[in-house]
Amino acid sequence: MSDPTIQTFCCHHGNGTDVALAVMEEFDSFSYNIVCLFSSTLGILGALYQVLPRKQFANSHRWLSFSAERGRRIIIWLAIADLLAAVGVFLRSTLWISEKNITPAIDDDYSVLFCALSSALTQYFYTATWIWTLCYAIDMRYILNQKEGHFKYYHLFAWLVPALSTVLGLSLLYLPDANCHTSVSFTTAFLRIFPNYFVTYLPIIIVMIINPILYMKSIKDMKNIITCSSGQFTTREREILEAVKIKFGIINAVFYLCWLPNLVNGVLLWTLWSDLPANSVIIIWYIMGFANPLQAFFNALVYRRWSTGSEKVIWPWTRHEYSFNDVRSVSGSNSSNSRETVREEIYPLLQSAPAKSVNGYKSLT
């Protein structure tokens with residue numbers, strides 16, 4: 001999982017009086033790490049599934065396809081970041097199980113170093129997943145407005161911002177001696193520990209606020225596109241728009257499900273610092289340990305194409321079955337198919353729609 005409270009576990013135990021130590025005394029680290037291993041394993045499998053190549057099939061039910069070239073490129077990078085973050089959780093939990101003590105002793109520099117590095121990498125890649133999630137919503141707006149994507153800026157934003165936030169937050173937490181539990185006052189803890197909470201939670205809050213707004217605007221754009229291209233808005237068009245609303249809603253719901261517990265944990269910690277409800281915090285830690293790594297697993301479900309028969313995953317042991325001619329047959333070799341392919345890249349939400357819908361109007365050109 002990715003949470004500033006858990007990152008303090010990497011500090012030397014010492015004889016500090018930090019509030020987190022009082023909670024850890026009632027914390028069953030073995031069962032917690034088993035939960036993390038289970039959820040991170042599912043996350044790894046989900047991310048691996050998501051990055052596998054796919055063969056696209058044209059049919060009359062691909063209005064709701066989200067796997068055109070542009071959208072697919074962002075989804076793959078999101079899955080790669082998810083994969084590396086889940087691997088970080090898996091390795092860190094494995095170490096904590098083998099070491100038996102989740103918090104390093106005062107002279108155990110090796111465990112501190114490994115724990116700090118794994119926490120930093122996990123934090124970095126999870127922050128990257130939040131940025132890629134935002135980039136996907138932004139690119140949907142560009143697509144529906146027939147604008148080019150800015151993938152160079154997406155990559156710069158998705159990899160540089162996490163690096164800056166992770167280095168800033170964890171440097172204040174761990175440097176110079178990884179003794180973040182020695183804070184004896186709320187003011188000292190606020191100055192040393194709170195910045196890591198701020199840089200960690202700010203991207204989550206931004207995505208939770210901005211993404212629903214972007215998707216709502218995208219739905220309005222899509223309604224305008226359908227209405228303008230057809231000159232009518234019948235039951236068929238309403239069903240299409242409703243399906244897109246559901247998909248966007250589920251994408252947002254998955255993000256909230258995976259990361260809202262982290263925000264709840266932060267609010268409890270900083271509002272009830274002097275009288276922290278240990279049992280409630282521990283329950284939230286378990287929820288975070290289960291939900292955070294599952295983001296990759298859920299993303300593999302919500303970002304895939306929902307239309308039956310619209311795509312087929314190419315497994316490593318079946319790759320030889322798909323020849324170059326098969327790929328050309330999907331994208332089309334004549335001018336008509338070429339035009340269709342260009343249109344699909346512009347409108348991935350409406351790609352491979354039939355030349356005429358069931359209502360008889362022409363599709364987007």
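Any read-out appearing in this document is the output of simple, stated calculations on the displayed coordinates, not a laboratory observation. Just so it is clear, the model here is predicted, and its values are computed rather than measured. In this analysis, Cβ positions are derived from the backbone assuming ideal geometry, glycine residues included, and neighbour counts consider all displayed protein chains.
Which FRET efficiency value, to the nearest 0.05, is calculated for Leu191 and Leu52 with the Förster distance at 45 angstrom and r the Cβ-Cβ distance?
For R0 = 45 Å, the calculated efficiency reads 0.45.
When a/c reaches 1.5 or more, the comparison of a/b and b/c decides; with that in mind, is region 252-293 rounded, prolate or oblate per its Cα gyration tensor?
Since a/c reaches 1.5 but b/c is at least a/b, the shape of region 252-293 is classed as oblate.
What order, most packed first, do the peptides 250-257, 83-90 have when packing is the mean number of other Cβ atoms within 10 Å of each residue?
Values: 250-257: 17.6, 83-90: 24.0.
With the highest mean Cβ count within 10 Å placed first, the list reads 83-90, 250-257.
In whole Å, how far is the Cα centre of region 205-228 from that of region 236-253?
Spelled out, the Cα-based centre of one part sits 11 Å from the other.
Among 123-136, 208-221, what's the highest-first ranking by average C-beta atoms within 10 angstrom per residue? Before the final figure, lay out each step's value.
On the way: 123-136: 25.1, 208-221: 16.1.
The packing order, highest mean first, is 123-136, 208-221.
Given a Förster radius of 30 Å and the C-beta distance between Leu257 and Asn145 as r, what FRET efficiency does 1/(1 + (r/R0)^6) yield to the nearest 0.05? Can you show the working numbers first?
Working: r = 30 Å, r/R0 = 0.99.
Calculated value: 0.50.
Students often get this wrong, so check it: of Lys152/Lys217; Lys147/Lys247; Lys147/Lys220; Lys152/Lys245; Lys245/Lys312; Lys147/Lys245, which have C-alpha atoms separated by over 27 Å?
Check vs 27 Å cut-off fails for Lys152/Lys245.
Which far-off residues, 5 or more places away or on another chain, put their amide H under 5 Å from the one on Leu272, with H placed in the peptide plane?
Answer set, sorted by chain and number: none.
Separation between the Ser171 and His155 pseudo-spin-labels, each 7 Å from Cα along Cα→Cβ, expressed in nm?
The two pseudo-label positions are separated by 2.5 nm.
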